[in-house]
Structures are given as structure tokens and as C-alpha cells.
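> Take a look at the following structure, please.
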Amino acid sequence: MDKKDAISRLIQKNRAFFSYLLSLDEKEREPERAIQLASLAARFAADYPIGCLSSTRLETLLLKYAKDLPRPAPEEAKPRSFLHVFTQAMSMGGHTRMAERWVQNRKDKDEIHHLALTMPFSGELPLLIQEAFPSPSVFSPSSSSYLERARFLRNLAMGYERIILYHHMDDPVPILAFGTADFPRPVFIYNHADHCFWIGVSIADLVLELSTRGSEFSRTKRGVIHHKILPIPLKELEPLHLSKEESRKKLGLPQDKKVILSLGATHRYWNRGDKNFQKLMLDLLKARDDIFFLMLGATSKKKYWAAIRNSPFKERVLFHPQVPREELEDFLFAADLYLEAYPKGSGTGSMEVVLYKIPAVLIRNDFAQFDSYRDFCTPFEEVLSQVLNILDKGIPEYVLEERRKAIIDHHYPHAWNQRLEEILAKAPSRHQIHPFQEPPCEIDELSQILALNQKKYSSFFRNPLFQSLPFFLKIRIRSNGLFKGIF
């Protein structure tokens with residue numbers, strides 16, 4: 001059996017086990033446990049690819065319980081008001097930053113922006129959230145019950161004109177809260193996990209996509225019909241003119257090397273087998289003895305960095321897993337060239353590099369790269385030669401400026417606000433339930449890449465959702481997984 005066939009069988013096993021979890025859910029009579037099983041199934045599909053990115057069967061189970069909740073009490077919505085909804089209050093994460101910048105971009109628009117959490121929260125909110133949503137504009141439920149949390153969110157949301165969801169892929173509370181036409185306010189989902197399985201398609205009056213490619217995933221692999229592209233909003237960067245020599249001196253980096261900077265957490269550098277970043281690094285280090293790699297955000301401990309750790313070039317590779325935000329610009333300006341993470345890309349980090357007009361090689365990948373720079377991404381097969389060429393000859397100033405302008409025209413406040421206004425002018429004014437046709441499950445390139453680097457199955461058993469199930473149910477689920485040859 002070749003590698004592709006093995007991956008196909010793995011996805012088919014994932015699909016079979018996902019279906020088994022849904023069959024357990026359909027037989028469950030206790031509502032809270034049924035909802036927990038639905039959330040567990042969604043978590044499994046998000047972590048272990050099943051060939052599609054949504055499930056009509058799963059959402060139908062949750063909609064049944066949504067209809068049993070009391071109708072929301074009539075309430076007049078605050079004019080020009082938005083309720084942003086998170087699962088948890090997180091200090092990091094793209095969706096936290098998106099909501100914060102949404103609010104900042106609209107601060108002179110006479111709008112109301114509040115935040116609701118679907119999980120109970122006590123303690124001090126992360127600083128980023130405090131700045132975007134100053135007290136008392138953050139609300140969270142007090143109950144751990146799924147149905148009580150949904151009731152809380154449904155009643156709270158009645159006071160707002162529009163609802164913007166950034167929920168976790170496996171969070172059932174939004175479907176429970178808004179899974180009825182009795183709730184009248186339009187519900188938008190900001191698709192911050194566009195390559196992942198998530199639940200909520202049936203309640204989305206509009207899906208806000210980050211890119212054209214993400215929009216294609218939603219249409220072909222999720223069954224979404226109503227969606228518009230709204231790029232992530234970026235903060236305007238102050239022009240910086242830092243000296244390369246001074247930055248390197250400050251950071252203790254060699255002055256006589258060609259420094260190649262790459263930016264991204266470890267999981268962005270999965271080893272794809274046929275195309276992998278680690279081999280690309282080794283080829284570059286072999287090609288020139290003056291190349292020095294600076295890896296920001298990644299740790300060398302993962303097994304797919306073994307080739308680098310054990311290579312004769314390891315002294316010319318420096319990993320910096322944690323870099324304070326205030327030091328990032330020094331690292332950027334110390335570089336001769338920026339090389340984007342692969343195969344998952346670096347998104348906002350890459351755009352910031354382009355905005356500073358630092359020579360960059362952005363690599364085309366199979367995920368949903370932003371429209372503003374996908375056109376000047378390089379196919380992986382051509383990256384080696386392009387990097388060596390740029391180290392020799394550089395990139396013309398006019399090209400750097402054209403790329404910078406492309407980012408500004410998509411993501412800076414003036415352009416982003418204009419795009420949002422266009423979307424809101426044509427967006428639905430009343431909420432509906434949207435039955436959707438689940439796309440056929442296909443073992444395509446995206447599914448294969450995700451399966452190649454899926455989590456170990458043992459992590460599924462450590463998930464709190466699984467751990468909190470009754471003992472007999474945990475044994476039953478484990479046994480089925482063993483029978484199907486999954487675990």
C-alpha cells in the first residue's frame with residue numbers, strides 16, 4: 001500500500017468513527033449529554049479530517065434542542081449595535097485580534113460593540129479584550145449547562161441589531177441559541193478557521209470569509225451558500241527605518257551572514273513528505289555557506305526538525321520560540337530576506353513583512369491564503385532558486401512598493417471599512433435557519449494534508465469533553481474505536 005492509499009484509508013476510518021459518534025448521539029435521550037456528544041463529534045472532525053468541513057446530520061441534532069428553548073423575550077435592539085461572540089476570552093488567537101481591530105476601525109462610527117462569551121468566565125480579562133471592550137461591555141453566562149448558556153445568549157442577543165460569531169469549531173451554544181426563526185436578529189459567522197470542520201452553517205445568515213480560497217472551501221466542502229469576503233483588518237503600521245547593522249548588534253546576530261527570517265509557530269511547518277520546509281532549509285544551507293536561518297515562534301523539539309538538529313549546519317540555525325511583540329521589528333529589520341512558513345503560511349506576519357518592504361518569498365500553499373498577496377506567492381518548486389536569486393540581486397523597490405500597496409488596499413482601515421459598509425448594506429436584516437446540503441466527502445489534497453499531520457488519537461481521550469462522559473460510555477467509545485482499527 002502506498003502512502004496516498006494509507007492516508008485515504010485513514011480518512012475513511014475517521015469518517016466511520018465520526019458517524020459512530022453521531023449514532024450514539026441520536027440514541028441519547030438526556031439533552032445535556034446528547035449536546036456534549038455532538039460537541040465531541042465536532043471536536044473529533046476538527047482534529048481528524050473526515051473529507052468534508054460540515055455535517056448536516058450533526059447540526060440537525062442540535063437544532064432539535066434549539067427549538068425546545070423558550071422563545072426570546074421581545075426587546076428593542078440598540079441602534080447600530082453589534083454583539084461579538086467568543087467561546088472563551090483568549091489573549092492570543094487570530095479571532096481575538098480580528099474582533100479587537102473591527103472595534104478599533106469603527107470607533108468613530110457611532111456604533112455599539114459588546115462581547116459575549118459562551119462559556120462561564122471569572123477573573124481578569126486579557127488586556128487585548130479589555131482595550132476593545134471596556135467594562136461593562138463583556139458578558140458571560142454563570143451556568144455550565146449547555147441549554148442554560150444558550151438561553152442566556154439568546155436573551156442577551158435580542159438587544160443588538162447584528163450578531164458576529166467567532167466561536168470555536170466544536171462549540172454548540174451558538175446553534176442552540178440561534179437555531180430558531182423565533183430569534184430575529186441576523187447572525188454572521190467570521191470564518192477564522194476556514195480550512196477546518198466547524199458547526200454553525202445552518203444558523204449563518206452570512207459567512208464572512210477571509211479570502212477567495214476560504215470562500216471556495218465553504219462552498220465546495222461546507223455547503224455554504226450565503227457568504228462574502230471581508231479580509232482581516234490590519235492596524236496601520238508606523239514607518240520604521242531601523243538599521244540592519246544596529247538591529248543585528250542589538251540581537252547578537254552575525255553581521256557577515258545572509259540572514260533568512262521565518263515567522264510562525266511550530267505547527268505551521270508540518271512535514272508534508274514530498275514538499276517540506278526542512279529539506280528546503282538544508283538545500284539553502286548547502287548552497288551557500290553564508291546563509292543563517294532565524295526561526296521566530298518555532299521550537300526545534302518537534303520530530304520533523306530532527307534533520308536540522310542533526311545536520312552539520314545546525315550552528316547556522318537559531319530558533320526563538322518566544323519573541324516579545326516590542327522586539328519583533330528588530331528581528332524583521334535584521335533580516336536580508338523573509339521566507340514564509342510552509343505548508344501552513346504565516347498570514348498576518350507575512351503581511352507585516354510586506355508592509356515594511358522587507359524582501360520576501362511567500363510560498364503558495366493549499367490553505368486559504370489572503371487575496372492581497374496570493375498572486376505574488378511562489379510555487380514551492382521554485383522557492384529555492386528564487387531565494388538564491390534574491391540574495392544575489394535583491395527585489396526592485398517598485399516591486400516592494402506594489403506589494404505593500406496591495407496589502408494596504410485590502411486590509412487597512414479605510415479599505416476594510418468601505419468593504420464592511422458594502423456588505424452591511426446588502427446583508428440580511430432578519431435571521432433565518434438555513435438547511436444546507438452537506439457536500440460529498442472527498443479525499444482531496446486538503447484532507448490528505450490535514451490527515452498527514454493529524455493529532456495522535458490518544459489526545460482525543462484526553463479531551464475534557466471525553467473525560468467527563470460516564471465511565472460506561474467512555475469504554476463503549478474506546479471499544480468501537482479499537483474494533484474499527486482506529487485506536
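> Return a yes/no flag: does the stretch 322-333 have any residue that is more than 26 Å from the chain's Cα centre (by Cα) and of a type outside the set (D, E).
Yes: one or more hits.
> Kindly establish whether A406 is in contact (Cβ under 8 Å) with a residue 12 or more places away in the chain, among the small types (G, A, S) and either surrounded by fewer than 15 Cβ atoms within 10 Å (Cβ to Cβ) or closer than 30 Å to D336 by Cα (or both).
Yes, satisfied.
> Can you find a residue in the stretch 85-94 that is in a loop (DSSP other than H, G, I, E, B), of a type in the set (S, T, Y) and surrounded by fewer than 14 Cβ atoms within 10 Å (Cβ to Cβ)?
yes
> Just to check your reading of the model, which residue among R43, R57, R15, R80 is among the basic types (K, R), in a helix (DSSP H, G or I), within 30 Å of V103 (Cβ to Cβ) and in contact (Cβ under 8 Å) with a residue 24 or more places away in the chain?
Testing whether each residue is among the basic types (K, R), in a helix (DSSP H, G or I), within 30 Å of V103 (Cβ to Cβ) and in contact (Cβ under 8 Å) with a residue 24 or more places away in the chain leaves just R43.
> With the condition being surrounded by fewer than 22 Cβ atoms within 10 Å (Cβ to Cβ), I'd like the helices (runs of 4 or more DSSP H) fully within the stretch 108-212 carrying at least 1 qualifying residues.
So the answer is 127-132, 146-157.
> Next up: Quick check on the stretch 230-287: of everything there that is in contact with a strand residue (DSSP E or B) (Cβ under 7 Å, 6 or more places away or on another chain), hydrophobic (A, V, I, L, M, F, W, C) and more than 17 Å from V387 (Cβ to Cβ), which residue is surrounded by the most Cβ atoms within 10 Å (Cβ to Cβ)?
L230
> A further question on this structure: Quick one: is A425 out of contact with any strand residue (DSSP E or B) (no Cβ under 6 Å at 6 or more places or on another chain), more than 23 Å from V259 (Cβ to Cβ), aliphatic (A, V, I, L, M) and crowded, with 17+ Cβ neighbours inside 10 Å?
Answer is no for this residue.
> Moving on to the next point. Looking only at the stretch 381-403, filter to residues that are touching a helix residue (DSSP H, G or I) at 6+ places or on another chain (Cβ under 8 Å) and in contact (Cβ under 8 Å) with a residue 60 or more places away in the chain; which one of those is farthest from D290 (Cα to Cα)?
Residue satisfying both the conditions and the ranking: V383.
> Right, another one. Give just the number: which of (1) under 24 Å from A73 (Cβ atoms); (2) touching a helix residue (DSSP H, G or I) at 6+ places or on another chain (Cβ under 6 Å); (3) free of Cβ contacts under 8 Å to residues at least 40 places away in the same chain; (4) of a type outside the set (G, A, S) does R154 not satisfy?
(3)
> Filter the stretch 217-229 down to the residues that are in contact (Cβ under 8 Å) with a residue 12 or more places away in the chain, in a helix (DSSP H, G or I) and surrounded by fewer than 19 Cβ atoms within 10 Å (Cβ to Cβ) and list them by number.
Correct list: T220 only.
> Quick test for you: out of I50, I35, pick the one residue that is outside any helix (DSSP H, G or I) and crowded, with 23+ Cβ neighbours inside 10 Å.
Answer to the check: I50.
Every read-out reported here was derived from the displayed coordinates using simple, explicitly stated rules and does not represent laboratory data. These numbers were taken from a predicted model, which means no experiment stands behind them. When we count neighbours, we look across all protein chains shown, and the Cβ atoms used for this are built from the backbone with ideal geometry, even at glycine.
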